[in-house]
Each structure stands twice: as structure tokens, then as C-alpha cells.
There are 2 protein chains.
Amino acid sequence: MRVSLKDVAAHAGVSIKTVSNVVNNYQHVTPAMRERVQRSIDVLGYRPNLAARHLRKGRTGIIALALPELGNPYFAELAAAVIDAAAAHEYIVLLDHTGGYREQEVLVSQGFRARVIDGLILSPIELEAEDLRDRAENVPLVLLGERDYDLPYDHIAIDNVAAARAAVRHLVELGRREVAFIGARRGRSEPAQLRVRGWREELTAAGLPADDGLVAATDGWGHADGADAMRRILESGRRPDAVFAYNDPMAIGAMRVLFEWGLRVPEDIAVVGFDDVVEGHFGAVTLTSVSPDKEAIGRLAVESVLERLGGNEVSEPHRVWADYRLVERESTLGRAAAADGRG
Amino acid sequence: MRVSLKDVAAHAGVSIKTVSNVVNNYQHVTPAMRERVQRSIDVLGYRPNLAARHLRKGRTGIIALALPELGNPYFAELAAAVIDAAAAHEYIVLLDHTGGYREQEVLVSQGFRARVIDGLILSPIELEAEDLRDRAENVPLVLLGERDYDLPYDHIAIDNVAAARAAVRHLVELGRREVAFIGARRGRSEPAQLRVRGWREELTAAGLPADDGLVAATDGWGHADGADAMRRILESGRRPDAVFAYNDPMAIGAMRVLFEWGLRVPEDIAVVGFDDVVEGHFGAVTLTSVSPDKEAIGRLAVESVLERLGGNEVSEPHRVWADYRLVERESTLGRAAAADGRG
DNA sequence: GTAGGTCTTTACAACGTTATACAGGCGCTT
DNA sequence: AAGCGCCTGTATAACGTTGTAAAGACCTAC
């Protein structure tokens, strides 16, 4: 049988509340009493019942993290960062995945999937502003990934447009003149649109073509989707000399197709990805990629949630920008030049 | 303010328990009464408080999944499978990662990290039998991954020795005569040892060398560790004509080093991995790999936990074997031959 | 020596839910 | 028509914890 405060109190010959005081490090307990109670706690092996504590205090010590999918290593690495950041504050993470489907994202944001949480970190794909407008739930919500709309929720994101522009600028500076974009999402998707926008802005600024024939839309965002998109572009007859992909898995899928078609990377076609996942560091051609500071994103997200929990509910929702940088590797520079950029 | 049973009861003009009966689909409630109460529930937007329910019933609806690391896509994919399987039973998954460190694994197994759970699925790396011997915790524990020792806990695993033998047999049948093993773990690690055993058994049975010079131990099990191990073997002067790696990331890291050394895969050296992660399907050379049925493993693990929760505590701990198969791709067959095996 | 204050401990209620035991009401049997 | 049992709904007591308020112990100062 599980031992409760009552059992400890009986064993130590004190009241329940005194035991509770010891457990919670209440200030006004004499050292003698503290030790006596502690001994009983140790002897009986008492461990607080979190359900009861939660019921009483209204806090669970759990925050939920809802990601589109774990199969994408970017999200897996991000999840790891969140779990560690939460652990630093003695919080535990409940993980959910939405598949990137609007319906699932709405369900999660309304708290229908997990109802024992103090806060929620959500990385939406298809979710619309209106879906959050009438959110009745009162647990703090922090959104991951840039959103264009104005809502009373904290955002943690990198500047997608600027990051995409940096990636494309890198290609342009290398002398590339026809840069394709892979992974404009078929359905709505805020981040994808922003990266397309950055791609278009930078090309236009450089006086280079940014027509629709260079953009390949996809349904998903995995390796296979990138491969399909690349194949479609090549089959259309276009021969871009560079490709900017929505994320690394798609870039790697695209490179695979380039190999199959006998096109060399980077000599014939340079490739840039997004997310800087480990996988990109070890292919036959290592991948140049935009590298968001995942550790910072995870930490900032957790801190934002906990800050909201802290009580000062009036504070304005803030949009926090996390760092990113472009890591140059063989897929744009060739092996020799990228040697010291490898990581 | 949050609405409780009491509020609904007042609104509907009935007792709290009647509302509870409706919520829990208790059999003996007249349709009229059910509808009347349901209307109040809908109007007020009542949602049960899980903490209270947990306190009363002793169940949380949460199971914990503790994995070594999420960065390894195998575990990420496995986590996705567990989350889905749990969702099918209206359970939610709390995710933790241990880094594969014995200390963390012990902490998790003792329930010190998460104390609001009904059951625990743990994928241990360094954990020893003795660590579980005096486990006081009474939440059901299911172990993922084969363990050699006998303990009163369910195991879900594939047959590592047999799977490793199948991988090596494939190489031998292709005419390879010197097969290296990458990823024998420096510290203790049950699965690694079993795969080394399978490697050794199969080679010995074929009358081929299985000496220590062909085995490279590592501390971790990521891409970089595989690359380091491969480099060490090559620098030692050995020129195996095949490599069997502990897992896919290590195999991919090893292939990267082979490219750097100008060795062709599979012509000069064939490579086989383990886990069949998506990443291996899309490299310049796609990777032959042992493919465990992750979906089945996740499902069986969840079902085992829930079965223990079901009450029949006396039932013997069972060791469940999940399926696996060897998926042949370019890293052992070359591009043409593997074309239809690609997936 | 006692009043007044501070420090320590206690009793009790409450958090929201479900289990138990019981009270009516109804229909069926005899 | 009375008795019996079943069906439906109700009051009440838990589950284990913490906050509140108050009681008790102890000390200082006059």
C-alpha cells in the first residue's frame, strides 16, 4: 500500500500538517522536529501524491509539447531541447504530435488531447488565427514558429524571411543564377510561405528570375516529398543551378534525385537546406543549411510558458526571435572549401 | 472559472452523482435524465478534472516512455508509434530521455522523474538487472529491447542475435570475406553485445575471421561515432570488404568516411545498418538495413502496459518478440540491383 | 510574575471526483 | 392487494494534499 502523509504523521506522532510542512520546507519548523519527521518519512518511504497536490494547488508540473511529427529530426532535436529545459525547472513534458493537420492542431490547442497540463507549447503548421480566436482554455499557450497574424499568444521563432534571404543570397553570391524552391506547401502553411517570400525577395532584389516554374509545392515535408519535387522540376525541363529546400530532409531527398539523374552537387546544382539536422552533416555531400538555435528555442519556449504561469497575466504577448546562422558545407562549396565548415 | 460537477448539478437541478453517472455512461440512467444533464453539460462547457479523477480512482491516463535519445530517428519513430498506440486506448504519453546513462535509467525506473503515470515503457542501454531488483515502484514496467537477464518484467524486443546473423549472412552470401563490426559499446550495453554475438556466430559458422581487429567500440551511437570507428579501422590498415554497423546513423557516418577515403560502396566495401530509419533510404547510396517492426513494438509495448493495469497481476512476465526483416538496398547490392528494393 | 509578543504546531475545510449505501418509485408475482 | 425486487436517483464519505485560522509553547520585558 502506498504511504500517505497520514501514515507518516501517525508514525512520527505529529499532525499531518507538520509533516506537510517538513515536506514543503516550510520555514518555521524546529530542526529537532524536522529531523524526527524526516526520519519517519525515510523509514516509511513516503513520496507525495502528485494527483492530490495537483487537485489542491491546481498545478500539475507538466507542460505539453505538440509537434507536427517526430520523424523529422528537427522536431526530435527540438523536443529534446524542450525536455531538458523543462527538467531544469522541474517540469515534465508530455509529448503529442499533430501530423501538421489543422484539425489535430485545433484539438490540441483546445486542450482536448491532454487535460492535465499547466502549459502548452504548440508548433502549428496549418492552424489559422481564427482557430485560436475563441480558445476557451486558460492554460498558457506558446506558439513555435513564425506566424504572421496578431494573436494574444507568445511566439518563439526565427525570422524566416530573413533566414531564407540569407540562404538565397549565399547562392547568388556564389554566382548561381537560377535558384529553385522546393517545398512550398500545397495547403496553407505560414513558415513555408515566409520562406518562399524570402526566396522571392532576395532573387528579385538581385534581378534574377523567381517565377512559378522554379517553385515546387508538396503535400508533406519529408525526404520523399523533396525527391518528388526535385524530380518534377527536372522533368519539366528546367535546369536550375541551385536549389533551396524548405528543410533538410527535403534537400537530402532532392540530392538523391540529382545523383540519380547524374547531376553533380554542387558543381551542377548547389543545394541549401533548412534546420541543420545532424543527418545533413554526414552524407556523401554534406549539406549547407540554415541553422536555427534549437536549444535557445526550446529554452525560450519553456521560459515563456512558466512566466505566464508565474501570474503576471497582464503582460503583453511577446514575440521572441531566436538566433540562426547559415552553416556552409559541401553542397554549396565543394569538399575542399567546406572542409572547415563541416560539423 | 472552471466549471465542476457541482455547477452542472445545480444548473440541471439534480445531484452531483447523477451528473457523474451521465459523464461516465453509467447504465441505469433514464434517457430523459441523461439528455437533461447532457444539455447542462454542453451549456456550461463542463470538462472533467483529471486530477480529481486520478486522486479518486488512482489512474492518470498517462504512460511514460523513456528513451535513450530522440536525436536518433529510430527512437523518434518509435516514440511516434507509441504515442499513436496509446492514443488508440485514450492514453497520453509522457516522454523522457535518459541519454542512455545508467544513472538516469535508474532514476526513471524508480519513478523519480515522473510520478503521475500509470505505466512505464523503458528502453534501457546501460541498466543492469540489479538496478531493477529492488524496484519499489508499483507501476507496471515494460522493457524495450532485448535483455539477457531474467526479471519479472515484460520485454518487447526483436531477436538481436538472429537479426545480426541475418545481416552478416547476407554479406557472406554476397561473397564478402572480411566483415567489420562498428559500434560495440565501450560501456555495457545489452543490445550491442547481442549484435556482436550474432556477428561473431555467423562469421564463425561460415569459417571467416571474427577477430577483435574487426570490431570498433564507441562511446556513443551517432553518426560521428560511426565515422570515428570507421576511420580507426581504416587507419589500422585493415581493409574489410564489408561493414555491419550497430545502427543506421553509425552506418551512414561510416559511409561518409569511406567516401572521404575514396572507397566505393558497395564495390569496395558493402555496408549494412540496423533500424531502417528513413534517412537511409535517401543517401547517395541507399542503405541496406535490418528493419524492426517499430509500429508493432510500440503497439505491443502499450498493450503490455495496459494489460498489467488491467488487474491480472499474477500473470507471468512475458517476452514478446517483434518481427524484423532485412531490407536490401544499394549499400550491399549496387544501384541497379537494389532498384526495386528501395523504399 | 505576568502581559504581550513571536514562533511552532494543530484542527479543519476545501480542491473535484467516484463508491457506497440507501431511499423512493414502479412493476411483477402470488 | 400486499409483498418483493429491481431500477433510478441521492446523500455522504472518502482519495491525499495544502491554506487558513487559531491554539499552544516559549521567550522577553516591565
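Residue-level check: of (1) buried (at least 23 other Cβ atoms within 10 Å of the Cβ); (2) part of a loop (DSSP other than H, G, I, E, B); (3) within 16 Å of DNA strand D (Cβ to nearest atom), A:R47 misses just (1). Within the range A:197-225, being farther than 21 Å from A:L174 by Cβ and either touching a Cys at 6+ places or on another chain (Cβ under 6 Å) or surrounded by 17 or more Cβ atoms within 10 Å (Cβ to Cβ) (or both) holds for A:A216, A:A217, A:T218, A:G220, A:W221, A:G222, A:H223, A:A224, A:D225. Of all the criteria given as (1) within 10 Å of chain A (Cβ to nearest Cβ); (2) under 16 Å from the mean Cα position of the chain (by Cα), the one not satisfied by B:G100 is (1).
Number of residues in the range A:16-41 that are surrounded by fewer than 12 Cβ atoms within 10 Å (Cβ to Cβ), under 41 Å from the mean Cα position of the chain (by Cα) and more than 8 Å from DNA strand D (Cβ to nearest atom): the value is 2. The one condition from (1) more than 13 Å from DNA strand C (Cβ to nearest atom); (2) in contact (Cβ under 8 Å) with a residue 24 or more places away in the chain; (3) more than 29 Å from B:V305 (Cβ to Cβ) that B:G13 does not meet is (2).
Is it fair to say A:A81 is buried (at least 18 other Cβ atoms within 10 Å of the Cβ) and either within 11 Å of chain B (Cβ to nearest Cβ) or at pLDDT 90 or above (or both)? Answer is yes for this residue. Restricted to the range A:253-310, and to residues there that are within 26 Å of A:V196 (Cβ to Cβ), among the aliphatic types (A, V, I, L, M) and part of a loop (DSSP other than H, G, I, E, B), the residue that is farthest from the chain's Cα centre (by Cα) is A:L263. Of everything listed in (1) in a loop (DSSP other than H, G, I, E, B); (2) within 17 Å of B:G119 (Cα to Cα); (3) more than 16 Å from DNA strand C (Cβ to nearest atom), the single unmet condition for B:A64 is (1). Taken over the range A:283-293, the criterion of being in contact with an Asp or Glu (Cβ under 6 Å, 6 or more places away or on another chain) and surrounded by fewer than 22 Cβ atoms within 10 Å (Cβ to Cβ) is satisfied by A:S291, A:D293. Could we say that B:R59 is within 16 Å of DNA strand D (Cβ to nearest atom), surrounded by fewer than 19 Cβ atoms within 10 Å (Cβ to Cβ), at the interface with chain A (Cβ under 10 Å from one of its Cβ atoms) and touching a residue at least 24 places away in the same chain (Cβ under 8 Å) here? So B:R59 fits the description; yes. Filtered by the rule that a residue be within 13 Å of DNA strand C (Cβ to nearest atom), in contact (Cβ under 8 Å) with a residue 12 or more places away in the chain and more than 23 Å from B:R53 (Cβ to Cβ), the range A:21-54 gives A:V22, A:V23, A:M33, A:R34, A:R36, A:V37, A:Q38, A:S40. For B:I121, the conditions (1) part of a strand (DSSP E or B); (2) over 14 Å from the mean Cα position of the chain (by Cα) all hold with the exception of (2). Filtering A:A52, A:A85 for residues that are part of a helix (DSSP H, G or I), among the hydrophobic types (A, V, I, L, M, F, W, C) and within 12 Å of DNA strand D (Cβ to nearest atom) leaves a single hit, A:A52.
The values are calculated or read from the model by the stated rules, or taken from the named source; none is laboratory data. What you see is a predicted model, and the numbers here were worked out from it, not measured in a lab. Cβ: placed from backbone, ideal geometry, glycine included. Neighbour counts: every protein chain shown.
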